[in-house]
Amino acid sequence: MAVGGVALGLALGLAALVAVLLWRRRAVAVAVAGRVCVAVLGDLGRSPRMQYHALSLARHGRDVSLLGYLQSVPHGDVLRSDRIRLVPVRELRGLRVGPKLFQYGIKVIVQAAQLLYTMLTIDRPAYVLLQNPPGLPAIAVAWVACLFWRSKLIIDWHNYGYTIMSLSHGRNHPLVQIAKWYEKLFGRLSDYNLCVTNAMKEDLWVNCNIKAVTLYDKPASYFKETPLEIQHHLYMKLAKDYEPFKPRYVTESVSLSAERSAFTEMDEGNGHVMKTRGRPALLISSTSWTEDEDFSVLLKALEGKGPLKDYYNGLINKLHFKHIQICTPWLEAEDYPLLLGSADLGVCLHKSSSGLDLPMKVVDMFGCCLPVCAIHFECLHELVKHNENGLIFRDSSELAEQLKMLFLEFPTLEGKLHNFRKNLRASKQLRWDESWDQTVLPLLGQNE
């Protein structure tokens, strides 16, 4: 009873404070047609699509308030832009008082007040561009802010939050059902909507009566094949901290004074870089170590800073591979595209919780002309074309067969890998800037 009284008092106090702030901001707000608030109730450094939105807006002369958690560093282009202002939101740690359902409810209330307070500290934008998920309580808060600002709310649907929640709670859990009701109700209050696949566009319309425009994830310009000299410098940098990048033996192709990594060697006399003879294949799997990626699929296939990283590292340490080395590095934002552009094959283990979103990591890999083996789910065909730009598998045994086939006699014969890479080079896919200009820019311009 005492806990409930404290919680109620806290909620009422926060609501009163927010009401006063809303009244004051509404009285002094001045319309700024070129200003946009790009918001995500998550880590900005791990929200590349929202960073891309901010950069595209800035490129077209818009002043951007990029709002979210600052747990990891955003890309250098964002930090260097004089039109993008980072607006940090303090991350709310879990409450430890009362039942879990009660804790979650209080967290949402406090989070809503905190987010609204932070939003009301920025200059009034003409648009709020919000990522969903996470949408609880972000959609409702953004809608309230837009209501008082008389601004337009644009939701960028990456997935459904309730389907992600169902991975740990089950689809019939009360929290999941409440989240589903909330998402559909408040999603309809937006002015415009973007989504990541045509499958999601159709689902939003059929099941939620929400009209959306598909903006496929596209790679930024810095996702491209990495020149051999830059590959070598990257490998030497990683070799300082990670054993698999260190040379395993001395080759006869260069002098003993040559600078070597596991994959490249540089003649220090003339600076010429070449790939080492008999080099190992570099397979990369980008992961956030979350429930929608079963990393054990890859580990089983090889054998025959997220919440689950320690679990999978434990599995890795129990394995004793003879010809395989596993490395789990944490890369700087600028090094990640360089490593993708240096690799031989990408593996994607992402399974969409809704079956309606696509893995951005594959988009980035394709930008680097890196062939991919990806685990199957419903709308994956919108991105990965089996036997054209990669392969699709359903379980660890099928992935194992694909890896054996692709790396047979590697690196002497590259076969399908070479053909997949050639197809990716020839596809001349749209980059983010061109796609954004064609899809989002007209949406913003029609009201100004």
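Results, tabulated for the structure shown:
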read-out: Answer residue from region 247-261, given it is modelled with pLDDT under 90 and of a type in the set (Gly, Ala, Ser) and is most open to solvent (accessible area, probe 1.4 Å) among those; value: 257
read-out: Qualifying position, being part of a helix (DSSP H, G or I) and either among the hydrophobic types (A, V, I, L, M, F, W, C) or surrounded by 21 or more Cβ atoms within 10 Å (Cβ to Cβ) (or both), among 116, 92; value: 116
read-out: Test for residue 334: is it in contact with a Gly (Cβ under 7 Å, 6 or more places away or on another chain), loosely packed, with under 15 Cβ neighbours inside 10 Å and modelled with pLDDT of 85 or more; value: yes
read-out: Index of the failed condition, residue 237 passing every other in (1) farther than 30 Å from residue 266 by Cα; (2) basic (Lys, Arg); (3) assigned to a helix (DSSP H, G or I); value: (1)
read-out: Count of region 55-78 residues which are part of a strand (DSSP E or B) and open to solvent by 10 Å² or more (accessible area, probe 1.4 Å); value: 2
read-out: Subset of region 274-283 [part of a strand (DSSP E or B) and surrounded by fewer than 18 Cβ atoms within 10 Å (Cβ to Cβ)]; value: 274, 275
read-out: Positions within region 167-187 being exposed (fewer than 15 other Cβ atoms within 10 Å of the Cβ) and basic (Lys, Arg), in sequence order; value: 171
read-out: Complete set of residues in region 41-54 that are over 14 Å from residue 360 (Cβ atoms) and crowded, with 22+ Cβ neighbours inside 10 Å; value: 41, 44, 54
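The values are calculated or read from the model by the stated rules, or taken from the named source; none is laboratory data. Keep in mind the model is a prediction, meaning the values are calculated, not measured. Backbone-built Cβ (ideal geometry, glycine too); neighbour counts: all protein chains shown. We work out accessible area using only protein heavy atoms, side chains counted, and drop any ligands, DNA or RNA first. Shrake-Rupley method; radii C 1.70, N 1.55, O 1.52, S 1.80 Å.
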